[in-house]
Structures are given as C-alpha cells and as structure tokens.
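Everything below concerns the one structure shown next.
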Amino acid sequence: MRLLALPLFSFLFISSVSFARLPQNDHEDFLQCLSSKSQPPNPISDAIYTPNNSSFQDVLENYVRNLRFSTPSTPKPLAVVAAKHESHVQATVLCSKSLGLQIRIRSGGHDYDGLSYVSQVPFIVLDMSNLRSIDIDIKDETAWAQAGATLGELYYRIAEKSNVHGFAAGVCPTLGLGGHISGGGYGNMMRKYGLSVDNIVDAQIVDVEGRILDGKSMGEDLFWAIRGGGAASFGVVLSWKVKLVPVPERVTVFQVVRSIGQQGGTDLVWKWQQVADKLDQDLFIRLTLQPTNGTINAIFVGMFLGNAQKLLPLMDASFPELGLQKNDAIEMRWIESTVFWFGMPKGTPIQALLNRTSKATVSYLKRKSDYVKQPISKADLESIWKVMTQIGEVGMAWNPYGGKMSEISETETAFPHRAGNLYKIQYFVNWKEDGIETTFRYLNLTRTLHDAMTPYVSKNPREAFLNYRDVDIGSIGSSGTGTFQEASVYGHSYFKGNFDRLVRVKTAVDPENFFRYEQSIPIQSASVYSKGTVGSI
C-alpha cells in the first residue's frame, strides 16, 4: 500500500500556529467598527466573542464537527460574531471588508475540511447558529427558514403543522440550512423531488456592500449561483424560502445487511447497480459498504413513499435478489423516518431532532466523493473488495440517481450532476484517536481507496460533490489568491460547465473578491492572481 503525500494545506492545519493575530490597534478597530454600526434595540456587543472572553472557546467549538480542526495548534479566529440579528451580519461584512479581514461563514459547522471556521490568514468567524427562526405556511406549502436553523429543526416544525408534508433534504439533522442548501442538499427523496436547491422559491442574502437582497433584487444570475454553487463565494445567506413536498401519512423504511463473500454479496451489489436508478421514483435504496472483521458488509437502507403492502410486490418485481421480507419493512410517519435514517436507536422520540450539538457524534473524520456513470463489473467489484479489505477501515456509501434527478437540466441551478449518473459515492472514515501520525494514516487510507476507484468513476473532469468538501481536489490557499488554473481544477470537478457562469456571476457581484477561501469561486480579472491568466470564459 503506497503512502500518499499530504498537501501543504493539511500540514498547515496542524502547524504550530495558534492565533492569526492582528496588531492590537487593528483588532480594536474591528470591535469599534462593529459597535459603531450597531443600533438599538439590537446591540452587537452581546454577539461578539474574542480570545479574551471566557466563553470564546466554547462558542468557537460548539459547531466544530471535525476534531482534526479543534486542536491547540489549529489557527483561531480573531473573534467569533454569533449574530443575533440581520444587522449583525451586515456589520460583520462591512467591518471585515474595510479592515481587510477575512470572514468564514458557519451555519452548522459540517464543512468536512473545516473551511467554515479555520483559516491561515487573520479571520473572523461569522456564526449564524442564533439565526434559526422557521415560519411554516402549510396553506401555501412553503416555509421561510433562517440559515442557522438545522434540518432537524425544520423537519420537526413541519411535522408540528402537518403529517403529509416534508422537505427534500439530507438525513443528518444537525446540518445547518445555510451551507447544506447552497451546496445542493441531497437526501432520500431526491429521486422523487430532486435536491433541496430544486425546491427553493426565494432567499435573502447579505451582499458585499452589506445590503439585504431577496431573490428578485439579487437578480436571476445570483439567485441561480447560490443554489448549488456555494453561497459563501457570493455573500451570506440569511434565509431560504423552501417549497414543502407532499408525503404520505405512512412511509416505509428498511435495512438489510448482507456480507460480501457470503450470501452472493457481489452478485447483489452488481444487481443493485442495474436497478437502483431505475426503480419507482418513490423508492430510494442507499448501499453502504463497510469493512468489518476482515469482510465487507453491504448495507441496503431503503425509503419508500408508501406503505409496505405496495413496497413488497414492487421489490419482488424489481429487486427480488435482496429478499426483502415483510418483517424488514417498517411503516412509520415521515417525521419518524428522519430519526430512523440518522441511525438513532429504535424508539428515539422525534424531539431528538432538536438536538443541535451532540458531542457524542463528533470525531476526527475525512470524506471524499465520486460519481459513477457505468456499472462496475463483477470482476472489478472483486478487485475493489480486496483493496477495501486490505485498507480495513474506510467505507463507501453509494447513493442512487435516476428519477427526478435525470429530468432536471444540469444548468437549471448551479448544481450540475444530473442525468447520466447511476450513483454518487461518499468515501468515509471516522476515528477517535488523536495525534498527527494517526491523522496521516487515516487520510492516506482514504486517498488510497479513492485512487483505487479511479478506473470506475467519472473522468475529464473527475466529478465531486461540493458538500463533501475535499481540499485534496485543489486549493487556492486560505488567502484565496491562487491562480485561476488552480481554481479551475476544483471548479470543474464541483460544477462542470457551470463553473464559467459562476465566475461571471462572482465577478459581477463581488469584483474585489472579498468572499474568498480555499475553494471559492474566483473572479474573472487575472490581476488578483499571483500568476497565470483567466483565458476566455
């Protein structure tokens, strides 16, 4: 097993740097600027936390989901602004811009590579978690939800009003809506209703000038860009207006575990590839491949928008090899299915969806992604099993496409990964042990499996999912001043042909490139880059 070199970016996060400090007078200037823009009855003073504040560390770490970026040597912000009012967001943008400070925008903190709360240059964390109001309008079948609200909170508030409405989004209830939706937002109803971004009817954003814009005033191009293009490159999302989707009073879920090497496991995985994207749109079956005790478990987790009486003959006709039995199929309310899909113990009350910061689920982790356009042969699957068994600790989740995902144009929103995909892969590994050597080991194991999958996934570009943030794909550095060519590498992986339009939108709305980070959308002018040219786009 070859050892892969870590990119410079990874070394930086575990360097001896602890605080990106400004001269004291500049630090004070930032606080004074915020105070000057604070107006009663919404003073910003109660929302500001600096390293001199006893609560600073707790506020900073409340939404750190990856322990790789929560060490004594991890660079810390000059301040955390835990905004409690829209004006606090406006003030933070304007003051950071005037003093040349970078801001990192965090809603739920699930950015897998920590980019929403870590930087190598002097920076401020703009924490949106206090902006979490949700207003459900069942008659209109819409909801306004602020960026700091979580999926769990949105699901719970919908269920308070209706048992026959839901929202098409992810399965992790602690995801913040701001980032989840702006990067695409997929979940187990995507084959029926598409992504979260396909069900957005309006939004509010603070732009680089500190203005609050809605879908109409921001214009068609910017509204297009923030739906799947990563809003942090363009401004700060304050809230989304989402379209609720109909769900039946009872849905059916199931989980079936088979062992690769036994019970015809390879044949079963091969058959899943043939049918998963062609099943009834009401049916979503995720396949998780998890190394366990020298073998690999194939875990089939299903969600059906209907009752078991309808599901069982459907499975017998389309996927009999799985052998789904009546006692495997569990009927429940849609809101209860969101608890099941997160893997909470049976009988967990739905109030658990309101738990925002469960420290029990926080660990060191790494994620990567891929898209598969052609079924992998049985012989090649056997080769993959050998690699996974040798590595031993890195799993994959295969999420099926088809249905509604094949009906929406890849230019409809900034999210481009539509027709032509059989499934998306998430590579995942979590660990609890600390230490640099341990971190290197797990990162290299994940990259080894990702490398081994190269022949079987999309090419030119090798596509990736923005919400599975992965700086291995490419980076322009914390300062956001790398070359356009460097930005194009991750830009085309995440956005394919939509990258060019995103660059044009970015150039129009943020011409000085204030909103920038390691994988932000670049501006069109070549003058801000250290080398290289933009070329014709």
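The values are calculated or read from the model by the stated rules, or taken from the named source; none is laboratory data. Because the structure is predicted, anything quoted here is derived from the model rather than measured. Counting neighbours? That spans all protein chains shown, and the Cβs are built from the backbone with ideal geometry, glycine included. Quick note on the areas: whole protein, heavy atoms, side chains included, nothing else; ligands and nucleic acids left out. Shrake-Rupley method; radii C 1.70, N 1.55, O 1.52, S 1.80 Å.
Within the range 370-382, track down each residue that is touching a residue at least 60 places away in the same chain (Cβ under 8 Å) and among the small types (Gly, Ala, Ser).
If the condition is that a residue be touching a residue at least 60 places away in the same chain (Cβ under 8 Å) and among the small types (Gly, Ala, Ser), then Ser377 is the only one that fits.
Out of the range 450-485, which residues are over 22 Å from Ile523 (Cα atoms) and among the aliphatic types (A, V, I, L, M)?
Of everything in the range 450-485, those that are over 22 Å from Ile523 (Cα atoms) and among the aliphatic types (A, V, I, L, M) turn out to be Ala452, Met453, Val457.
Hey, could you check the range 93-110 for residues that are part of a loop (DSSP other than H, G, I, E, B) and touching an Asp or Glu at 6+ places or on another chain (Cβ under 9 Å) and say which is farthest from Ile476 (Cα to Cα)?
It comes out as Ser107.
Test of understanding: among Ala487, Ala464, Ala508, Ala526, which residue is modelled with pLDDT of 95 or more and surrounded by fewer than 17 Cβ atoms within 10 Å (Cβ to Cβ)? Explain how you work it out, then say what you get.
Numbers: Ala487 fails: surrounded by fewer than 17 Cβ atoms within 10 Å (Cβ to Cβ); Ala464 fails: surrounded by fewer than 17 Cβ atoms within 10 Å (Cβ to Cβ); Ala526 fails: modelled with pLDDT of 95 or more.
The unique qualifying residue is Ala508.
Please give the strands (runs of 3 or more DSSP E) falling wholly within the range 143-249 in which 3 or more residues are within 28 Å of Ala82 (Cα to Cα) and open to solvent by less than 10 Å² (accessible area, probe 1.4 Å).
It comes to 200-206, 236-243.
Which residue is modelled with the highest pLDDT, if the candidates are limited to the range 363-373 and must be surrounded by fewer than 18 Cβ atoms within 10 Å (Cβ to Cβ) and either touching a Phe, Trp or Tyr at 6+ places or on another chain (Cβ under 8 Å) or aliphatic (A, V, I, L, M) (or both)?
Once the filter is applied, the top-ranked residue is Leu365.
Answer with yes or no whether Tyr427 is touching a Gly at 6+ places or on another chain (Cβ under 8 Å) and touching a residue at least 60 places away in the same chain (Cβ under 8 Å).
Spelling it out, Tyr427 is indeed touching a Gly at 6+ places or on another chain (Cβ under 8 Å) and touching a residue at least 60 places away in the same chain (Cβ under 8 Å).
Condition first: buried (at least 19 other Cβ atoms within 10 Å of the Cβ), closer than 23 Å to Trp341 by Cβ and among the small types (Gly, Ala, Ser). Can you find one or more residues in the range 117-125 that meet it?
Scanning the range 117-125, I find no residue that is buried (at least 19 other Cβ atoms within 10 Å of the Cβ), closer than 23 Å to Trp341 by Cβ and among the small types (Gly, Ala, Ser), so the answer is no.
Say whether the condition of being among the hydroxyl-bearing types (Ser, Thr, Tyr) and in contact (Cβ under 8 Å) with a residue 60 or more places away in the chain is met by at least one residue in the range 344-356.
no
Identify, from the list Asp58, Asp113, Asp135, the residue that is acidic (Asp, Glu) and assigned to a loop (DSSP other than H, G, I, E, B).
Just a single option satisfies the conditions, and that option is Asp113.
Need a quick list: strands (runs of 3 or more DSSP E) entirely within the range 278-337 having at least 3 residues that are in contact (Cβ under 8 Å) with a residue 24 or more places away in the chain and buried (at least 21 other Cβ atoms within 10 Å of the Cβ). Don't jump to the end; show me each part of the working.
Details: elements: 283-292, 295-304, 330-332.
Correct list: 283-292, 295-304.
Please tell me if Glu463 is touching a helix residue (DSSP H, G or I) at 6+ places or on another chain (Cβ under 8 Å) and assigned to a loop (DSSP other than H, G, I, E, B).
When the stated conditions are applied, Glu463 passes them.
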